[in-house]
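The values are calculated or read from the model by the stated rules, or taken from the named source; none is laboratory data. Note that the coordinates shown come from a computational prediction; the quantities given were computed from them, not determined experimentally. Virtual Cβ from ideal backbone geometry, glycine too; neighbours counted across all protein chains shown. Each accessible area value is taken on the protein alone, full model and side chains, heavy atoms only, with ligands, DNA and RNA left out. Shrake-Rupley method; radii C 1.70, N 1.55, O 1.52, S 1.80 Å.
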Amino acid sequence: MKHLFLTLLFLLLTIWARTQSKTISGILRDAQAEPAVAATIQLFRNMDSSFVKGTSSDLSGKFELRNLPNDLYYLKISGLVYKNYFSANLNLNSPLNQLDLPVIVLLPAKEVLLKEVVVTAKKPLIEQDIDKTIVNVEAMISAATSNSLEVLEKTPGVLVDQNGSISLNGKQGVLVLIDGRSTYMSGQDLAIYLKSLPGAVLDKIELMDNPPAKYDATGGAVINIKLKRNRSRGLTGNTSGTLSQGQTTRSFLGLNLNFNQPKVNWFGNLWYSSDGNYVDDTFDRKLFSNTGILNTQIHSRNYFENFSQGINAKLGVDYNLSSKSVVGVQVFTQTRPREETSSYLTESLNANSSLLLNTNGINQGTYDWLNHGVNLNFLHKLNDKGREFSADLNYLYYQSSGEKLFNNFQNELASTTFKNGLINEANIYNFKADYAHPLPGKLMFEAGVKASMVTNDNNAGFENLLNGYYSIDYSRSNHFVYHENISAAYASVRKNWQRWGGQLGLRAENTYLLGDLLPNEALFGQQFTQNFTNLFPSVFLNYKLDSLGNHSLAFSYNVRLNRPSYQQFNPFFFFFDNYYYSQGNVDLMPSNMYRTDLTYKYKQFFNASFSYNRGRNFLNPATELKDSIYITRPYNFQGKAQMLLLSLGLNLKPIKNWSLNANVNIAHFTFVGQTYSETLDRKVLVARGGVTNQFTLSKAWSAELSVFWTGGELSGQNLSRSRYRAFAAVQKKLWKDMGSLKLSVEDIFHSWIQREESLAIRQTEQTRVNSSDTQRIGLAFSYRFGNEKWARKRKTQDGAAEEAGRVQ
């Protein structure tokens, strides 16, 4: 690795030293502080106004004019929706080879027509940036009637399993951020939170397979969900509501407000959401003797329903200390009480399918969940060329509490009744600071530090009903306290030439954790600590195959870390039915992941990427059979885990009013390792993809039809089968595009059903079928209001805690 970095660094410096040409570069912004894309830049000689060279701005609003002789020039910048801009004289007679212009703001062609400008400059559904894929959620009609988890499931390369775990292009342990801030949740808790976040409030989703060094090393990849935010001058806002009906009902009502003045900007939102769902889980299990003879067959069906209501509130203010300094404060709160009801029926049969035992149960639970947070942020621009310093300080508090009652019966006779009470609290503090410094020759240096402290207190108690009274069961109760401190620092350098571009980054992280299982009357206490330091290098190279950059090649390499969630360490038993438990594992270690990518891109029309991924001590759930009970724990598989992935993406416009986005992923998975006493050796070739069709029927009407499918997935011991689903939606714009009405149908054929089998479990076979309330019809309404003629000067730094969401 050391030799690789030295070679690449030498190559970059050699090319830099040999590249000496006059260059003018700049960044364009529109009236809403967003990148001014596809603006026309023309360079004229000052002496005779003769045309010299031209170009257009890219997706980031950036432009460059290279290979220019010494002279005096001026720029003309124009666009269909912008007023013409003329620069002052630009002098290239100095010894410097690079002229970096300050940010240029392009005003709308007509202030009163800004609403028409927004419609004309509609963003595509999928955009390919240099280091990420951008999904513009506003362009996805069906998103308005979906929750955020369902929007993620419709996103190319993203897969969500029945446990709520999210993967991106086959990479597990994805770090999910909201406006650059971690949710500090994982698994089912993260899934529940995303279900409470309506798709109508999402602006865009950024998918990063190989995130740069400034992002935390946790997670196989990064998904950053950006929420809508109005940045116009004066009082502006929008309101929206949705109603979605399947077997259960979901609804949402929200209000966003922004009041922007020259020195102060106030912003806030208030949302109410209700969510309902069912899950139908069927297990078929066969138990064998040591000699392979079938002994017992077990058929189980678990039916689960839940209903939750959530209120989200946020208030923030930005204050301009000067033209270069801004300080901001944000406070937010969320509450989400939840009710759950589940029932199960289990039949135990002998080898001849004769009934041995019939068990059933009804479980009911009520839970309270709340989250409070405060963010302080500061931004200071040291000059107009991109040199700046930013800092964020965050505090988050989570609390969940509840009680679940279990009633179990055998052969229709009352058997056992017990209840489980849970109180969980998490206190999270973090601080981060970032510094960016442009250097001569289009060299950009960035560095930063981060520190976080987490305390998670989980107190779970079991009580058995005996003779009409509940008495505590200390053998199944526990109190687990988890402490984690992470300190990190990173540095990166980026350089662009006429055709070459490169970025080198290095991140260092030190982790200290302490887990403390407190003793009680039946259990001894248990304590463990871990302290380790890791280095995470990243390399990115880009080459333009032609002078316009229409064809490009990119190479990237990085190292990531998949950390266990806090609750995965807790050795407490979680009860599902008489034959199935889950439990934490105090012996877990983080797993290292290594990824190499080679990508070809043609404009925004086509991209192809080949990647090689391998893991060490890869972390996945593992199941073992013990005394006829299936116990699932998180587990470090000792062995080989690798994935070869080919990703293809296509954006077409077959005819004027029809836009098509298609993506296909073909992956070869290899898992070879030990799971308890069994050997897992599996190689699988799978494919997944999707097609989204968008139709402009008239100025006010548009429609969408999408199909997504997956050919299966291999994750540790679990091999899932193929499935697909289809969506359709139609939109009508109202009141000069200030409002919209959207109707959608989700999972039209109710085909999104999970089927999987478990591998390498000693003396047993297990299959599972899982379905939920995915077939739905929804209606959404939205309306925006207020003054939209002027834009804000600055985007608020929304926190910046990027550690993985691993609280629960």
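Every residue, every condition in (1) at pLDDT below 95; (2) part of a strand (DSSP E or B); (3) touching a Phe, Trp or Tyr at 6+ places or on another chain (Cβ under 9 Å); (4) among the basic types (K, R), yes or no:
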residue	(1), (2), (3), (4)
V449	no, yes, yes, no
S452	yes, yes, yes, no
N456	yes, yes, yes, no
F462	yes, yes, yes, no
L465	yes, yes, yes, no
S475	yes, no, yes, no
S487	no, yes, yes, no
Y490	no, yes, yes, no
R507	no, yes, yes, yes
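Given the condition under 30 Å from S322 (Cβ atoms) and of a type in the set (F, W, Y), answer yes or no: does some residue in region 271-287 qualify?
Taking every residue of region 271-287 in turn, none turns out to be under 30 Å from S322 (Cβ atoms) and of a type in the set (F, W, Y).
Given the criterion out of contact with any strand residue (DSSP E or B) (no Cβ under 7 Å at 6 or more places or on another chain) and either among the hydroxyl-bearing types (S, T, Y) or touching a residue at least 24 places away in the same chain (Cβ under 8 Å) (or both), identify the matching residue among S56, S94, S60.
So the residue among S56, S94, S60 that is out of contact with any strand residue (DSSP E or B) (no Cβ under 7 Å at 6 or more places or on another chain) and either among the hydroxyl-bearing types (S, T, Y) or touching a residue at least 24 places away in the same chain (Cβ under 8 Å) (or both) is S94.
Please verify whether region 181-197 includes one or more residues that are touching a helix residue (DSSP H, G or I) at 6+ places or on another chain (Cβ under 7 Å) and modelled with pLDDT of 80 or more.
no
Among the residues of region 698-753, write down those that are among the small types (G, A, S), part of a loop (DSSP other than H, G, I, E, B) and surrounded by 17 or more Cβ atoms within 10 Å (Cβ to Cβ).
Those that are among the small types (G, A, S), part of a loop (DSSP other than H, G, I, E, B) and surrounded by 17 or more Cβ atoms within 10 Å (Cβ to Cβ): G711, G712, G716.
Can you name the residue in region 30-68 that is charged (D, E, K, R), open to solvent by 60 Å² or more (accessible area, probe 1.4 Å) and not in a strand (DSSP E or B) and, of all such residues, is farthest from N550 (Cα to Cα)?
Among them, the one singled out is D48.
Would you confirm whether or not region 461-477 contains a residue that is under 33 Å from the mean Cα position of the chain (by Cα) and surrounded by fewer than 20 Cβ atoms within 10 Å (Cβ to Cβ)?
The answer is no, given that none of the residues of region 461-477 is under 33 Å from the mean Cα position of the chain (by Cα) and surrounded by fewer than 20 Cβ atoms within 10 Å (Cβ to Cβ).
Inside region 136-173, can you point out the residues that are assigned to a strand (DSSP E or B) and at pLDDT 75 or above?
The answer is N136, N147, V158, L159, V160, I166, S167, L168.
Restricted to region 69-99, and to residues that are under 27 Å from D129 (Cα atoms), of a type in the set (A, V, I, L, M, F, W, C) and assigned to a strand (DSSP E or B), which residue is most open to solvent (accessible area, probe 1.4 Å)?
Applying the filter and picking the extreme gives L99.
I'd like the residue in region 333-349 that is open to solvent by 40 Å² or more (accessible area, probe 1.4 Å) and assigned to a strand (DSSP E or B) and, out of all such residues, is farthest from L396 (Cα to Cα).
Within region 333-349, the match that is farthest from L396 (Cα to Cα) is E347.
Among the listed residues F445, F532, which satisfies the condition of being under 30 Å from the mean Cα position of the chain (by Cα), within 29 Å of E64 (Cβ to Cβ) and not polar (S, T, N, Q)?
That would be F445, the only listed residue that is under 30 Å from the mean Cα position of the chain (by Cα), within 29 Å of E64 (Cβ to Cβ) and not polar (S, T, N, Q).
Out of region 492-505, which residues are assigned to a loop (DSSP other than H, G, I, E, B) and either at pLDDT 95 or above or of a type in the set (D, E, K, R) (or both)?
Within region 492-505, R499 is the sole residue that qualifies.
Name the residues in region 366-396 that are assigned to a strand (DSSP E or B) and open to solvent by less than 40 Å² (accessible area, probe 1.4 Å), would you?
Hits for region 366-396 are W369, N371, G373, N375, N377, L379, S390, A391, D392, N394, L396.
Here are some residues: Y676, Y630. Which one is closer than 30 Å to I298 by Cβ, touching an Asp or Glu at 6+ places or on another chain (Cβ under 9 Å) and either of a type in the set (V, I, T) or at pLDDT below 80 (or both)?
Y676
Find the strands (runs of 3 or more DSSP E) located wholly in region 555-615 whose residues include 3 or more that are among the polar types (S, T, N, Q) and either open to solvent by less than 30 Å² (accessible area, probe 1.4 Å) or within 26 Å of V672 (Cβ to Cβ) (or both), and list them.
591-602
Is region 642-663 home to any residue that is part of a strand (DSSP E or B) and under 30 Å from G584 (Cβ atoms)?
yes
Name every residue in region 616-629 that is in contact (Cβ under 8 Å) with a residue 24 or more places away in the chain and open to solvent by 60 Å² or more (accessible area, probe 1.4 Å), in order of residue number.
Scanning region 616-629 gives R616, P621.
State all residues of region 518-543 that are open to solvent by 30 Å² or more (accessible area, probe 1.4 Å), farther than 15 Å from S591 by Cα, at pLDDT 90 or above and of a type in the set (A, V, I, L, M, F, W, C); if no residue qualifies, say none.
Across region 518-543, the qualifying residues are L518, F540.
Report, by residue number, each residue of region 352-381 that is more than 28 Å from the chain's Cα centre (by Cα) and either closer than 29 Å to E403 by Cβ or of a type in the set (F, W, Y) (or both).
Scanning region 352-381 gives L357, N358, T359, N360, G361, I362, N363, Q364, G365, T366.
Considering only region 584-595, I want to know if a residue exists there that is closer than 30 Å to T417 by Cα and in contact with a helix residue (DSSP H, G or I) (Cβ under 6 Å, 6 or more places away or on another chain).
yes
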